[in-house]
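Trainee: Here you go, one structure.
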Amino acid sequence: MKKEDCLFCKIANGEIPSTTIYENNDFRVFFDIAPASKGHALIVPKQHYNDIFDMDAETGGRLFSLATAVARALKKELKCEGMNIVQNNGLIAGQTVFHFHLHLIPRYTGDTVNIVWQPGEADQNELQALAKAVRKDL
Ligand code: 5GP
Ligand code: ZN
């Protein structure tokens, strides 16, 4: 399904132009308009999903399968040293476009990309209980 007034529905389906690297029936891969680094690309499904919570596992599987190929191709052409794969879900997580997209951000020595968090502390009992709780929902 497409969503009215969704920027990435329009880009994914070619109604708004983008610098497209690749497309097939289900996905479009294009360069981010405001790249974090040279070659910053997005993989976007042509169907509308708000975020990962909204996406079926089969689509997610095919999307990540495509991501492995795109990551290798970007690395080959850009000769980047590494890559961050980032995917934001929800305002709190930094999502600004509410149509699922996977970021592929090539990394180079001396770049200004900043993807960090402060390492926290974990309580083993709490983690065990949480693992059990989550497992029952899988
Ligand atoms: P988010 O913050 O939602 O994870 O990422 C949204 C991304 O979409 C940002 O990196 C932003 O630069 C990119 N973006 C927003 N509008 C456009 C657009 O019109 N064209 C392209 N190619 N990228 C866009
Ligand atoms: Zn959409």
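Trainee: Against the conditions (1) farther than 12 Å from G39 by Cα; (2) without any contact (Cβ under 8 Å) to a residue 60 or more places away in the chain; (3) within 16 Å of ligand 1 (Cβ to nearest atom), where does V97 fall short? Just the number, please.
Mentor: Only one criterion is unmet by V97, namely (2).
Trainee: Residue check, L74 against (1) within 16 Å of ligand 2 (Cβ to nearest atom); (2) buried (at least 18 other Cβ atoms within 10 Å of the Cβ); (3) more than 10 Å from the chain's Cα centre (by Cα), all met but one. Which one?
Mentor: Looking at each condition in turn, L74 falls short on (1).
Trainee: So in the stretch 77-94, with the set limited to residues that are in a loop (DSSP other than H, G, I, E, B) and surrounded by 15 or more Cβ atoms within 10 Å (Cβ to Cβ), which one is nearest to ligand 1 (Cβ to nearest atom)? So that I can check it myself, show each step before the final result.
Mentor: If we filter the stretch 77-94 for residues that are in a loop (DSSP other than H, G, I, E, B), which is where we start, we get 79-81, 87-90, 94.
In the following step, the residues that additionally are surrounded by 15 or more Cβ atoms within 10 Å (Cβ to Cβ) were identified as 80, 87-89.
Numbers: C80: 17, Q87: 7, N88: 4, N89: 9 Å.
Out of the qualifying residues, it is N88.
Trainee: Residues that are aromatic (F, W, Y), part of a strand (DSSP E or B), over 13 Å from the mean Cα position of the chain (by Cα) and surrounded by fewer than 16 Cβ atoms within 10 Å (Cβ to Cβ): does the stretch 100-111 have at least one? Reasoning before the result, please.
Mentor: As a first pass, look at the stretch 100-111 and keep what is aromatic (F, W, Y): 100, 108.
Right, trim to part of a strand (DSSP E or B) and you get none.
No: the stretch 100-111 contains no residue that is aromatic (F, W, Y), part of a strand (DSSP E or B), over 13 Å from the mean Cα position of the chain (by Cα) and surrounded by fewer than 16 Cβ atoms within 10 Å (Cβ to Cβ).
Trainee: Now a separate question. Given the criterion at pLDDT 95 or above, part of a helix (DSSP H, G or I) and either among the acidic types (D, E) or within 16 Å of ligand 1 (Cβ to nearest atom) (or both), identify the matching residue among A129, A71, A67.
Mentor: On the way: A129 fails: either among the acidic types (D, E) or within 16 Å of ligand 1 (Cβ to nearest atom) (or both); A71 fails: either among the acidic types (D, E) or within 16 Å of ligand 1 (Cβ to nearest atom) (or both).
That would be A67, the only listed residue that is at pLDDT 95 or above, part of a helix (DSSP H, G or I) and either among the acidic types (D, E) or within 16 Å of ligand 1 (Cβ to nearest atom) (or both).
Residue-wise test of (1) surrounded by fewer than 17 Cβ atoms within 10 Å (Cβ to Cβ); (2) away from ligand 2 (no atom under 14 Å from the Cβ); (3) of a type in the set (S, T, Y).
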{"residue": "K2", "(1), (2), (3)": "yes, no, no"}
{"residue": "D5", "(1), (2), (3)": "yes, no, no"}
{"residue": "S18", "(1), (2), (3)": "no, no, yes"}
{"residue": "D26", "(1), (2), (3)": "yes, no, no"}
{"residue": "H40", "(1), (2), (3)": "no, yes, no"}
{"residue": "K46", "(1), (2), (3)": "no, no, no"}
{"residue": "D56", "(1), (2), (3)": "yes, yes, no"}
{"residue": "T59", "(1), (2), (3)": "yes, no, yes"}
{"residue": "R62", "(1), (2), (3)": "yes, yes, no"}
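Trainee: Something else about it: In the stretch 1-56, how many residues are hydrophobic (A, V, I, L, M, F, W, C), at pLDDT 95 or above and farther than 28 Å from G82 by Cα? Write out each step before concluding.
Mentor: Step one: filter the stretch 1-56 for residues hydrophobic (A, V, I, L, M, F, W, C), giving 1, 6-9, 11-12, 16, 21, 27, 29-31, 33-34, 36, 41-44, 52-53, 55.
With the extra rule that they be at pLDDT 95 or above, the set shrinks to 6-9, 11-12, 16, 21, 27, 29-31, 33-34, 36, 41-44, 52-53, 55.
Remaining after also requiring farther than 28 Å from G82 by Cα: 6-7, 9, 16.
Qualifying residue count for the region: 4.
Trainee: Tally time: how many residues in the stretch 29-62 are within 10 Å of ligand 1 (Cβ to nearest atom) and among the charged types (D, E, K, R)?
Mentor: Here the count works out to 2.
The values are calculated or read from the model by the stated rules, or taken from the named source; none is laboratory data. Source: prediction; values computed, not measured. For neighbour counting, all protein chains shown are included, and Cβ atoms are generated from backbone atoms with ideal geometry for every residue, glycine included.
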